[in-house]
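Everything below concerns the one structure shown next.
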Amino acid sequence: MRLIYLLKRLVFQVKVNGLKNAFKEMIYRDRKIIVIEKEIAYEENVYRDDDTDFIIIDQFNYGEMKRKFNLGNMEYFVGKNARCMVAVKYGMCAGYQWWTQDNGFRDLRKLRLNLKGNEAYLFDLFVFPEHRGGNVPKSLAVETFNHLCSCGVNKFYGFYFSDNLRALWWHRAFLKAKEINKIKMQRFLFLEIVDGRLFV
C-alpha cells in the first residue's frame, strides 16, 4: 500500500512541480527537519472570501471527494486515521491540509512525538500553484485550526525542511510556530534514515 502511495505521490509531484524538483524530494542526504509546535485558539477567519468553501474529508466521504476533485492518494491517509480540510474555489480544489491524532502514524514515530488527547499532528499542506500568493493558504490554515479547536484540540505539531524557503517563511512569519527539535534525514527512493533510524 505504501509503495503505491509513494509512486502516486511521485507522479503528482512531477505533474505539479516538474521532474527535477520531484526527484529532489526522492533522493537526498543530510537534510534537516525542523520540528515545530503551536498552540491554537478559535479565531475569526479574516482571510476567507465568498468564493471559497471548505470540506472535511474522512473515511465516510473520501471516495466521493476523490472523484469530485480528482485527488489521488486519499485512501492511503484516510486508512491511516487521518482527515483532511479541502479548500474549494469556483468548484475546484484549491488546496488541502491533512492532520491526525493517531500516535501510530508513521511521521510521529519518525519525529519521536507522542500526542496527547488535546493535540494533533498536521502534515502535507498543499496549495495548487495558481492559488499560491493569495489568501487560500492562510484561510485554509485558520479554517483547519478552528475545526480542530471545535474538537478540543489546542496544540499541533508539524515539521518542515530547513532548505524549503517557502515552508520556512510560512512557519516562522505566518504561523509563528515554536521550533522544538532539529533532526537529520536521508532518503533514497523509498528508504529513509531519520535520526539514525531506518524507515522503509
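Points worth noting:
- Size of electric dipole in segment 40-148: Cβ of Lys, Arg +1 and of Asp, Glu -1, about Cα centre, debye, nearest 20: 580 debye
- Computed label-point distance, nm, for sites R106 and D53 using a 7 Å Cα→Cβ extension: 3.3 nm
- Over the chain - Rg/Rh using Cα atoms and the Kirkwood inverse-distance radius: 0.93
- Descending by average beta-carbon neighbour count within 10 Å, the peptides 94-103, 53-62, 38-47, 142-151 line up as 94-103, 142-151, 53-62, 38-47, the highest first.
- The alpha carbon radius of gyration of segment 84-184, expressed as a multiple of 2.2 N^0.38 Å, is 1.09.
- Full extension of the chain segment joining N81 with N164 gains 27.2 nm, where the gain is 0.36 nm per residue of separation less the Cα-Cα distance.
- Taking every C-alpha pair closer than 8 Å and separated by at least 6 residues, the mean separation divided by the residue count of segment 56-100 gives a relative contact order of 35 percent.
- Placing +1 on each Lys and Arg Cβ and -1 on each Asp and Glu Cβ, with no other charges, gives the chain a dipole about its Cα centre of roughly 1000 debye.
- For segment 139-198, averaging the sequence separation of C-alpha pairs within contact (under 8 Å, six or more residues apart) and dividing by the residue count gives a relative contact order of 13 percent.
- Under the criterion of Cα pairs below 8 Å and six or more residues apart, the relative contact order for the chain equals 32 percent.
- Using only side-chain charges placed at the Cβ, +1 for Lys and Arg and -1 for Asp and Glu, the dipole size of segment 133-185 relative to its Cα centre rounds to 180 debye.
- Placing dummy labels 7 Å off each Cα toward the beta-carbon, the span from E44 to F199 is 4.0 nm.
- Charge dipole (segment 112-158, unit charges on Cβ, about Cα centre) - positive-most of N135, H147, Y157: Y157
- Spin-label model distance (nm) - K24 vs R132, 7 Å beyond Cα toward Cβ: 1.0 nm
Only the coordinates and a few stated rules stand behind these numbers; no lab work does. Remember, predicted model here, so these are calculated numbers, not experimental data. FYI the Cβ positions are ideal-geometry reconstructions off the backbone, even for glycines, and counts take in every protein chain you see.
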